[in-house]
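The structure appears below as structure tokens.
Nothing in this text is a laboratory measurement; each read-out follows from the coordinates by a stated rule. This structure is a prediction, so every number in the text was calculated from the model and none was measured. Glycine gets a Cβ as well: all are built from the backbone with ideal geometry, and neighbour counts include every protein chain shown.
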């Protein structure tokens, strides 16, 4: 049995703390936290030995120098009832102390800030940006994505989740900065119908079609009923009667203020 596993067996189960994995040849470190140090460090060992570790930088170093040249230390034991924010703050403290997100000193790709959020380092962001810049998917890859989306459309949202998202989106206001970004993104962007041959109808034909499918005659019309029992042939008709815009009427339908009849 390796010295690593012998040492992990001396730890108690469910011990909480901050640990450090150190390369004894160049002294570079990886800082991490766990609510079960014994299990976490054993997992690190087996993942690294089988070339399946999530941290590619650390894995490549182990492949190069050998797992026998890596050791671990427990930097600090923490109370078992510590909350997540305090645990993440402790991780940030030691990442900052050892400067483990700098490739010259450590193997951490993600850094935990004082707010408890885990972020990519600026160096890693630049690296990924350089890799993805100018990247184009092949036609075969695009076809595979479309097929996957068709065959596995995903799990539908529950009614509870939809109501939750509806409440979050109510009275939402975009900031001026966001509006400017949207405006810039759409500037000089060609119309999605550019180059397409669209049917051209005369004005009389348009009026005839409009009358034929107006209101409840439209096969796609949705009949609704309000809480007072009033029935409307379309959502638009309900919106006019209730004195709201169509978008608000559609939200009322989603929130069960209006009842769908067809």
Options (i) 58, 26, 19; (ii) 31, 19, 19; (iii) 36, 19, 19 for semi-axes √(5λ) of the Cα gyration tensor in Å; the value derived from the coordinates is listed as (i)
Cα axis of helix 84-98 to longest principal axis of the chain: angle in degrees, 0 to 90, nearest 10? 50
Using a Förster radius of 35 Å, what is the FRET efficiency between residue 80 and residue 54 based on their Cβ-Cβ separation? Nearest 0.05, please. 0.85
Taking the chain as the reference, fit the longest principal axis to its C-alpha atoms, fit the long axis of helix 203-212 to the helix C-alpha atoms, and give the angle between the two in degrees, 0 to 90, nearest 10. 80
Within 10 Å, count the other beta carbons around each residue, average over each peptide in 237-250, 68-81, and list them highest first. 237-250, 68-81
Sticking with the crude label model, points 7 Å out along Cα→Cβ, report the distance from residue 230 to residue 171 in nm, one decimal please. 2.5
Quick calc of log₁₀ I(q)/I(0), the stretch 215-260, Debye, one scatterer on every Cα, no solvent, q values 0.18, 0.24, 0.29, 0.33 1/Å, result -0.43, -0.77, -1.10, -1.33
The FRET efficiency for residue 1 and residue 144, from their Cβ-Cβ distance with R0 = 45 Å and rounded to 0.05, is 0.50
Cα pairs beyond 25 Å in the stretch 3-123, in percent, come to 19
Please work out the FRET efficiency for the pair residue 136 and residue 93, using the Cβ-Cβ distance as r and a Förster radius of 35 Å; give the result to the nearest 0.05. 0.25
